[in-house]
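Beneath this line is the structure, given in C-alpha cells, with notes to follow.
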Amino acid sequence: MSEQSRSTGRIRGTGSRRRKPSRRHRAKVVAAWTVAGVVVVGGAGLGYAYLALDGNLSSIDIDAKLGADRPDDVDDGSQDILVLGSDSRSGDNGKYGEDEGAARSDTAMVLHIDKGHKSASVVSIPRDTLIERPACESDTTGDEVPAAHRAMFNTAYEVGGPACAVKTVESMSGIRMDHYLEVDFTGFTKLIDELGGVEITTKTAIDDSKSHLDLEPGTHTLNGEESLGLVRTRKSVGDGSDLGRIQLQQAFIKALMDQTKSVGVFTSPTKLYGLADAATKAVTTDSGLGSVKKLTGFAGGLKGLSAENVHMVTLPVEYDPADPNRVLPQEKAGRQVWAALRHDRPIPASATEESAGDKGDAAEIVE
C-alpha cells in the first residue's frame, strides 16, 4: 500500500496482474464466496489434519433450536444451504466499525445444489428487504421474540441468531435448509490472503469512503482487506443501495471461482494446510457440517459441479413506496424463484426481469 493510501485510510489495489486461468482450471466445488474456503478444503481430503482443524470449527444445532415445525425434509439428493456473512463488530472485527451489541446478516444467499450435483442456483436476499419475520427465540436470553410485520430481513439474525435467520428464510421460501454456513469479516480477509488474493478487473473507477476502497480502472489482484472492501461497497455503485453491492458480490464470486484452482493448493501440503486452517477458523456451521470430516463429505459430493453451471440471481424486489431505502419482495416473481428451487428446476429468466435488483449496474463496473 502506498504512503498516500496510508494517509487517507483508503485501500488501493496493487494493480499486479495474474494470467487468467483457462476454463478447464475453473473451480468445480465453489458456489459462493463464503462457502469457497470450506469447499476447497473439504475436496482435498485432509485426513491427517482432522483433529487439529476440528478444534477451529464452531457449530450450532439448528435442528434442536427449531424443532419439528419446519418445511418437509425432501430427500431427493438436492441440498439447500443458507450462507450468511455476519457484520458483527466484536473482537477482531471491531476495526470495521463500532460494536453496537448485536450482529446482523450483512450478506445472505440461499445456495441450491441440484439432485445430480451438476448445477446450482444462488439466490441473494437483500438485507434491506421488508419481510414478515416469524416469532423466534432470542439468541441471548432464550425469551420469545414476537413476530414482526415489515421487519428488515437482517434483523432476524440480530434478534435470534442463526436459528432465526434459518426460520425466516424457510418461512419466506417454503424450503427446508439442509445446512447453514456463516463467515465473519476477519475470517474472510485471512482466507483470501491464504489464497494469494483474487483478480478483479474494473471497467470504471471505484471510490467508496464507507468501504475504504479506491480502485482505478484496470486489473487488480485484491488482498483480503481489499476484497472485503469490494464486497462491502455500495455507495459508489448504481443507486447506492444494497442491490448494487449484491451484484458486486456475485461478480466477486465468479472471480473467486477462477482463482481457487490457480494457486497450487492441491500440490502444496503447506499451502493446503494454511488454507484449511484459515477456512475452518472463518466459519460457523450447523451441526451437520460441524467437523472437517463432515465438511469433506459434503464437498466430495460437489466434485461434478462446474463454475459455468452456477446461476446467480437476486430475489426479485421493488423499492418500497414508503421508504426508498427499503425494498419489498415481488410476491409473484418470488414464488417462481422459490418454486424452481423447491422442484429442483432452473430459475426462469422471467422471474427476475422486472426486479429492481436486475438492472446490471455493477456489471458495468467489474468483470
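The values are calculated or read from the model by the stated rules, or taken from the named source; none is laboratory data. The structure presented is a predicted model; accordingly, all values stated were derived computationally and were not measured. Cβ coordinates were reconstructed from backbone atoms using ideal geometry, including for glycine residues, and neighbour counts include every protein chain displayed. SASA here: full protein model, heavy atoms, side chains in, ligands and nucleic acids out. Shrake-Rupley method; radii C 1.70, N 1.55, O 1.52, S 1.80 Å.
Within the range 67-88, the set of residues being over 17 Å from MET172 (Cβ atoms), acidic (Asp, Glu) and open to solvent by less than 40 Å² (accessible area, probe 1.4 Å) comprises just one member, ASP87.
Would a scan of the range 132-153 turn up a residue that is under 21 Å from PRO71 (Cα atoms), out of contact with any Asp or Glu (no Cβ under 8 Å at 6 or more places or on another chain) and touching a residue at least 60 places away in the same chain (Cβ under 8 Å)? No, there is no match, as no residue in the range 132-153 is under 21 Å from PRO71 (Cα atoms), out of contact with any Asp or Glu (no Cβ under 8 Å at 6 or more places or on another chain) and touching a residue at least 60 places away in the same chain (Cβ under 8 Å).
Output the residue which, of all residues in the range 192-205 that are farther than 16 Å from ALA251 by Cα and modelled with pLDDT under 90, is surrounded by the fewest Cβ atoms within 10 Å (Cβ to Cβ).
Checking each candidate, the answer is GLY196.
For the range 49-66, filtered to residues that are in a loop (DSSP other than H, G, I, E, B) and either touching a residue at least 60 places away in the same chain (Cβ under 8 Å) or of a type in the set (Asp, Glu) (or both), the residue that is most open to solvent (accessible area, probe 1.4 Å) is ASP61.
Condition test on ILE175, is it modelled with pLDDT under 95 and hydrophobic (A, V, I, L, M, F, W, C)? For ILE175, the condition - modelled with pLDDT under 95 and hydrophobic (A, V, I, L, M, F, W, C) - is not met. Of everything listed in (1) touching a strand residue (DSSP E or B) at 6+ places or on another chain (Cβ under 7 Å); (2) under 30 Å from ASP54 (Cα atoms); (3) open to solvent by 70 Å² or more (accessible area, probe 1.4 Å), the single unmet condition for LYS294 is (1).
Pairing each residue of the range 104-128 that is without any contact (Cβ under 8 Å) to a residue 24 or more places away in the chain with any residue that is open to solvent by less than 30 Å² (accessible area, probe 1.4 Å), provided the two are 6+ apart or on different chains, yields no C-beta distance under 8 Å. Filter the range 111-127 for residues that are closer than 15 Å to ARG345 by Cβ, of a type outside the set (Lys, Arg) and either open to solvent by 30 Å² or more (accessible area, probe 1.4 Å) or assigned to a loop (DSSP other than H, G, I, E, B) (or both) and give the result. Answer for the range 111-127, where residues must be closer than 15 Å to ARG345 by Cβ, of a type outside the set (Lys, Arg) and either open to solvent by 30 Å² or more (accessible area, probe 1.4 Å) or assigned to a loop (DSSP other than H, G, I, E, B) (or both): ASP114, GLY116, SER119.
Results for (1) of a type in the set (Lys, Arg); (2) open to solvent by 20 Å² or more (accessible area, probe 1.4 Å); (3) in a strand (DSSP E or B), shown as yes or no for each residue.
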site	(1), (2), (3)
ASP139	no, yes, no
ALA151	no, no, yes
ALA156	no, no, no
VAL159	no, yes, no
GLU170	no, no, no
THR189	no, no, no
ASP207	no, yes, yes
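Filtering the range 172-187 to residues that are assigned to a helix (DSSP H, G or I) and either buried (at least 20 other Cβ atoms within 10 Å of the Cβ) or over 17 Å from the mean Cα position of the chain (by Cα) (or both) leaves MET172, SER173, PHE185, GLY187. Does GLY161 fit the bill of being of a type outside the set (Asp, Glu), farther than 16 Å from ASP69 by Cα and touching a Ser or Thr at 6+ places or on another chain (Cβ under 9 Å)? The answer is yes for GLY161.
Looking across the range 128-137 at every residue that is in contact with a helix residue (DSSP H, G or I) (Cβ under 7 Å, 6 or more places away or on another chain) and assigned to a loop (DSSP other than H, G, I, E, B), the one that is nearest to VAL317 (Cα to Cα) is identified as ASP128.
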